[in-house]
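> First the structure, which I've put down as structure tokens, then a few questions once you've had a look.
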Amino acid sequence: MKSNSQLNYHFHTPDNPRSSTPIVLIHGLFGDLNNLGILGRDLQQHYPVIQIDVRNHGISPRMENMDYRDMAQDVLALLDELNVPKATFIGHSMGGKIAMTMTAVASERIEKIVVIDIAPVAYSVRRHDSIFAALNKVTESGVQSRKEATEIMQQDIQEDGVIPFLLKSFNQGEWKFNLSILQKEYEKIIGWERIPAWSQPALFIRGGNSNYITEAYREDIISQFPKATAWVVAGCGHWVHAEKPEAVLRAIHRFLGTEE
């Protein structure tokens, strides 16, 4: 569904919610609103759940920049349109940075945040150059099928699961995300501008094998989120919610107070 604020979204309300405060799910780079669906299907049994396509992803608008404050404002505009005064935000990777930025943009609109495998820091390592190379090769080749695209992408991408994930956004030769803008704005996406300390509860979930959140970032997290708690899910990487969704959901329910 497209809103007047232009973000594409799904809004599900259960018949007997435990809370009227919605949960907003925000996906990461190259994703769309379906990426956190495995979490959403569980959470919507207890809460109203809003899943969104962020700008330049899915069928949300194509914009010229990927500044986190602007992306946070996109989400706030949607909340205004839906008459949602306050929400809890769960974001993975880039989506986690959007959620964290919202605490600086409109702290009074946020109940809690859950940040999945990302820290409030500027990363110096360019982790996605091989992905951009593969995506561009597919575009330049003009292939239409996912099978052909897979064969091309295997030249640059060896990590398990990455190609199937990316191909979820490939349809008849076209990417659902705005590849040229994501590549142009990549330094902003991996970057970060420090925000004022937010004194409400925040949960940081990381994959035990991931290096997106490490001990080196502890001070950055605590200084910006002094009430942060951490939860490590052993035996998985950056896509912790896809690899071990039950463990992630247990942590989220415990944090939200809906643990069975």
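Just so you know, all these numbers are worked out from the coordinates, no wet-lab data involved. The structure presented is a predicted model; accordingly, all values stated were derived computationally and were not measured. Heads up, the Cβs are rebuilt from the backbone with ideal geometry, glycines too, and the neighbour counts pull from every protein chain shown.
> What percent antiparallel are the DSSP beta bridges of the chain, to the nearest 5?
Working: 7 of 30 bridges.
Of those bridges, close to 25 percent are antiparallel.
> Let me ask something additional. If r is the Cβ-Cβ distance from residue 137 to residue 18 and R0 is 35 Å, what FRET efficiency results, to the nearest 0.05?
On the way: r = 48 Å, r/R0 = 1.36.
Efficiency, from the Cβ-Cβ distance: 0.15.
> For the chain, what's the relative contact order in percent, using C-alpha pairs closer than 8 Å and at least 6 residues apart? Let's see the in-between values first.
Details: 485 pairs, mean separation 47.6, N = 260.
Across the chain, relative contact order equals 18 percent.
> Taking 0.36 nm per residue of separation and subtracting the Cα-Cα distance, what length does fully extending residue 129 through residue 223 add? Show your work: numbers first, answer last.
On the way: separation 94, 0.36 × 94 = 33.84 nm, distance 3.06 nm.
The span from residue 129 to residue 223 would gain 30.8 nm if fully extended.
> Between residue 122 and residue 144, what is 0.36 nm times their sequence separation minus the Cα-Cα distance? Round to one decimal in nm.
On the way: separation 22, 0.36 × 22 = 7.92 nm, distance 3.61 nm.
Full extension from residue 122 to residue 144 adds 4.3 nm.
> Could I ask something else about it? With springs only between Cα atoms under 10 Å, which of 224, 154, 200 fluctuates most in a Gaussian network model of the chain?
Of 224, 154, 200, the most mobile in the Gaussian network model is 154.
> Cα-based count: Lys pairs in the stretch 21-149 below 28 Å, eight or more positions apart or different chains? Write out the running numbers ahead of the final one.
Numbers: 86/97; 86/112; 97/112; 137/147.
Lysine pair count for the stretch 21-149: 4.
> What do you get for trypsin sites (Lys or Arg not before Pro) in the stretch 193-232 restricted to DSSP loop and a cutoff of at most 10 other Cβ within 10 Å of the site's Cβ?
On the way: sites: 194, 206, 218, 227; in loops: 194, 227.
Those that pass, being in a loop and sparsely packed, number zero.
> Oh, and also: For every other residue with a beta carbon closer than 14 angstrom to the beta carbon of residue 245, add +1 if it is Lys or Arg and -1 if Asp or Glu, then tell me the sum.
Details: positive: 41, 244, 250; negative: 42, 117, 243, 246.
Counting the neighbours of residue 245, the net charge comes to -1.
> Let me check I've understood the local charge: for residue 176, count other residues with C-beta under 14 angstrom from its C-beta, Lys and Arg +1, Asp and Glu -1. What total comes out? Walk me through the intermediate numbers first.
Numbers: positive: 55, 62, 146, 168; negative: 32, 53, 174.
Neighbourhood net charge equals +1.
> Now a separate question. Please give the length that would be gained between residue 254 and residue 82 if that part of the chain were fully extended, namely 0.36 nm times their separation in residues minus their C-alpha to C-alpha distance (nm, one decimal). Don't skip to the end; give the middle numbers.
On the way: separation 172, 0.36 × 172 = 61.92 nm, distance 2.74 nm.
That pair, residue 254 and residue 82, stretches by 59.2 nm at full extension.
> A further question follows. For the peptides 141-152, 71-82, what is the packing order when you average, over each peptide's residues, the other Cβ atoms within 10 Å and list the highest mean first?
Working: 141-152: 14.7, 71-82: 19.2.
Put in order of decreasing packing, that is 71-82, 141-152.
> Then there's this: What angle do you read, to the nearest 10 degrees and between 0 and 90, between the alpha-carbon axis of helix 129-141 and the longest principal axis of the chain?
Roughly 50 degrees, rounded to the nearest 10.
> Measure nothing but the geometry: give the 0 to 90° angle between the long axis through the Cα atoms of 245-256 and the longest principal axis through the Cα atoms of the chain, rounded to 10°.
30
> Here is a further query. Please list, by residue number, everything in the stretch 115-151 whose backbone N is under 16 Å from a paramagnetic label point 7 Å out along Cα→Cβ of residue 183.
Backbone N within reach: 127-143.
> For every helix of n ≥ 4 consecutive DSSP H residues, a contribution of -39,500 (n - 2.57) applies; sum these over the chain, divide by its total residues, and give [θ] at 222 nm rounded to the nearest 500 deg cm²/dmol.
Numbers: 11 runs with 94 residues, N = 260.
Result for the chain: -10000 deg cm²/dmol, rounded to the nearest 500.
> For the stretch 128-180, just say rounded, prolate or oblate: build the C-alpha gyration tensor, square-root its eigenvalues into a ≥ b ≥ c, call rounded for a/c under 1.5, and beyond that prolate if a/b exceeds b/c, oblate if not. All intermediate terms of the calculation are to be shown ahead of the outcome.
Values: a/c = 1.34, a/b = 1.23, b/c = 1.09.
It comes out rounded by the Cα gyration axes.
> Also, I was wondering about something else. Under the rule of at least 5 residues apart or a separate chain, name every residue whose amide H is placed under 5 Å from the amide H of residue 24.
50, 88, 89, 90
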